[in-house]
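Structure first, then comments.
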Amino acid sequence: MIQRKGHSPIDHRKDGVTAGDTLEVSHHDVAIFARQGQFVRVLQPGSYQVPPEFSGPDMEVFFVLTTPLHDQKFGGNLGAGLPVRAAFGKIQWVIRDPERAVMAVGFSDTSGFDRWVASTFLKGLQHAAGKAHLAGQPLDGLEAAAMAAANETLSAQGVEVLAVTEMQMR
């Protein structure tokens with residue numbers, strides 16, 4: 001049986017696929033078959049028998065979470081020259097385009113994808129804080145501007161930040 005094993009938003013199974021195996025795609029996922037860096041097929045939630053054309057030692061399966069991830073932590077330095085030095089909190093985000101997300105990781109190691117999303121959000125927050133500071137605006141309430149800046153980058157990878165919670169700036 002082939003099914004999601006990890007907790008990463010993108011679970012990469014690269015140990016090949018055998019014809020006749022049962023593939024279980026949970027109601028939170030889609031499964032993407034790929035061979036040699038090329039998409040073969042996307043399967044929606046359900047139980048499937050793997051046909052011969054989707055099998056082989058070079059076939060890979062990516063289980064991609066399609067429901068929002070809540071309470072994903074972010075935090076770090078905002079940069080020099082700002083009245084606050086660091087920000088911490090939580091974001092809620094979702095993979096909107098599973099194929100783009102798999103391409104974003106280059107059909108390879110997916111274990112750090114959630115950290116990459118959090119890091120990209122922090123860069124958006126740094127940009128928003130710097131822009132607000134230069135304009136003489138207060139730095140509180142930057143959540144929407146940070147989300148917009150992060151989503152500019154993330155949308156090309158099929159990802160969207162939906163909300164920011166518990167943000168603290170120090």
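The values are calculated or read from the model by the stated rules, or taken from the named source; none is laboratory data. Note that the structure is a prediction, hence the values are computed from the model and not measured. All Cβ positions, glycine included, derive from the backbone under ideal geometry; neighbour counts span all protein chains shown.
Restricting Ala145, Ala87 to those that are aliphatic (A, V, I, L, M), without any contact (Cβ under 8 Å) to a residue 60 or more places away in the chain and either outside the structural domain of Pro45 (by TED's automatic domain parsing) or surrounded by 13 or more Cβ atoms within 10 Å (Cβ to Cβ) (or both) reduces the list to Ala145. In this structure, does Ala156 turn out to be over 19 Å from Val64 (Cβ atoms), free of Cβ contacts under 8 Å to residues at least 60 places away in the same chain and surrounded by fewer than 19 Cβ atoms within 10 Å (Cβ to Cβ)? Considered against the rule, which asks whether it is over 19 Å from Val64 (Cβ atoms), free of Cβ contacts under 8 Å to residues at least 60 places away in the same chain and surrounded by fewer than 19 Cβ atoms within 10 Å (Cβ to Cβ), Ala156 comes out as no. Would you confirm, using the coordinates I've provided, whether Thr66 is under 11 Å from the mean Cα position of the chain (by Cα), at pLDDT 95 or above and among the polar types (S, T, N, Q)? Yes, satisfied. Within segment 128-138, does at least one residue satisfy the condition of being over 13 Å from the mean Cα position of the chain (by Cα), closer than 30 Å to Gln3 by Cβ and either assigned to a strand (DSSP E or B) or modelled with pLDDT under 90 (or both)? Scanning segment 128-138 turns up no residue that is over 13 Å from the mean Cα position of the chain (by Cα), closer than 30 Å to Gln3 by Cβ and either assigned to a strand (DSSP E or B) or modelled with pLDDT under 90 (or both).
Out of curiosity, is Glu53 in contact with a Ser or Thr (Cβ under 9 Å, 6 or more places away or on another chain) and acidic (Asp, Glu)? In short, no.
In the set Lys90, Lys14, only one residue is touching a Ser or Thr at 6+ places or on another chain (Cβ under 6 Å), among the charged types (D, E, K, R) and under 29 Å from Ala118 (Cβ atoms); that residue is Lys90. The single condition among (1) surrounded by 14 or more Cβ atoms within 10 Å (Cβ to Cβ); (2) in contact with a Ser or Thr (Cβ under 9 Å, 6 or more places away or on another chain) that Gly112 does not meet is (1). Contact annotation: residue pairs with Cβ atoms under 9 Å, 6 or more positions apart or on different chains, pairing a residue in segment 91-113 that is on the phi < 0 side of the Ramachandran plot and modelled with pLDDT of 95 or more with a partner that is surrounded by fewer than 18 Cβ atoms within 10 Å (Cβ to Cβ) and part of a helix (DSSP H, G or I), are Arg96/Ser155; Asp97/Ser155. Beta carbons closer than 9 Å, at least 6 apart along the sequence or on distinct chains, pair a first residue in segment 64-78 that is within 15 Å of Ser119 (Cβ to Cβ) with a second that is in a loop (DSSP other than H, G, I, E, B) for Leu69/Pro9; Asn77/Arg85; Leu78/Val84; Leu78/Arg85; Leu78/Leu139. Yes or no: segment 50-57 includes at least one residue that is touching a helix residue (DSSP H, G or I) at 6+ places or on another chain (Cβ under 9 Å), outside the structural domain of Phe113 (by TED's automatic domain parsing), touching a residue at least 12 places away in the same chain (Cβ under 8 Å) and more than 16 Å from Asp109 (Cα to Cα). Taking every residue of segment 50-57 in turn, none turns out to be touching a helix residue (DSSP H, G or I) at 6+ places or on another chain (Cβ under 9 Å), outside the structural domain of Phe113 (by TED's automatic domain parsing), touching a residue at least 12 places away in the same chain (Cβ under 8 Å) and more than 16 Å from Asp109 (Cα to Cα).
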